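Here the structure is laid out as structure tokens; the discussion comes afterwards.
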Amino acid sequence: MRRTLFCCTLVGLIGTMGLVMAQNPGPGAPPPDPNTVRLVGDRFKPLTYKEMNPEQKKMFENLLSGERRGAGGPFNVLLRSPEMGDLAQKFGASMRFHSSIPPRLNELAIIITARHWTSHYEWYAHRRAAAQNGLKEEIIQAIAAGRRPTGMQADEEAVYNFCTELLTNKQVSDQTFQAAKDKFGERGIVDLIGVTGYYNLVSMLLNVDRYPLPAGVQPELKPLR
């Protein structure tokens, strides 16, 4: 009985992991067959490839052949406006995969934005990417709690100050601007604004849809005071 239960649990876990990986496996994976990709949504009904009109199919095919190799996250919603959605996904891929900001710091900017919006799926996806790219767990946990992290490196502090001021104050002080410019140059500042802006859009799309977390996953973020 125990062995049967263990095997069933293991099969279920493998199936769940396969589905998650099928959503956005990344640049190294082969493009999936669009007929086999299962979209996810709540308020926005998940579309199938057969249901899509030609403009939606074009956006969907671009997603699957692009660097994400999948369509997890906000893209089921964006398919409702496929011309805008295709432009948005290309912009997002640029900010995710080709920013001048190193991945560890880019992911820091993303989770700061996810925390600002209490966007549960965005946090779920990118707090893991942040850890995988070398961001310390204590920094991730402090951001989750809405606290300023201690023990940040100078480049992390520059990103944290810049993104937090921009999101909270809708302005950036001269001191914070100069610190970011010294670390990342003018292109880096623009890329930080770009990634923050894109993930504001993503967080709004996910929150309006009430995009679900994977089965068995509980929200990690509590409401901010």
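The values are calculated or read from the model by the stated rules, or taken from the named source; none is laboratory data. Quick caveat, the model's predicted, so the values are computed rather than measured. FYI the Cβ positions are ideal-geometry reconstructions off the backbone, even for glycines, and counts take in every protein chain you see.
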Residue 183, sole failed condition from (1) surrounded by 17 or more Cβ atoms within 10 Å (Cβ to Cβ); (2) more than 24 Å from residue 98 (Cβ to Cβ); (3) basic (Lys, Arg): (2)
Could you look through the stretch 30-44, keep only residues that are under 14 Å from residue 69 (Cβ atoms) and outside any helix (DSSP H, G or I), and pick out the one that is farthest from the chain's Cα centre (by Cα)? 33
What's the number of the only condition in (1) of a type in the set (Val, Ile, Thr); (2) at pLDDT below 95; (3) under 20 Å from the mean Cα position of the chain (by Cα) that residue 11 fails to meet? (3)
Could you list, in sequence order, all residues of the stretch 69-88 that are crowded, with 21+ Cβ neighbours inside 10 Å and under 23 Å from residue 163 (Cβ atoms)? 73, 74
Are any residues in the stretch 186-212 surrounded by 15 or more Cβ atoms within 10 Å (Cβ to Cβ) and assigned to a loop (DSSP other than H, G, I, E, B), and if so, which ones? 211
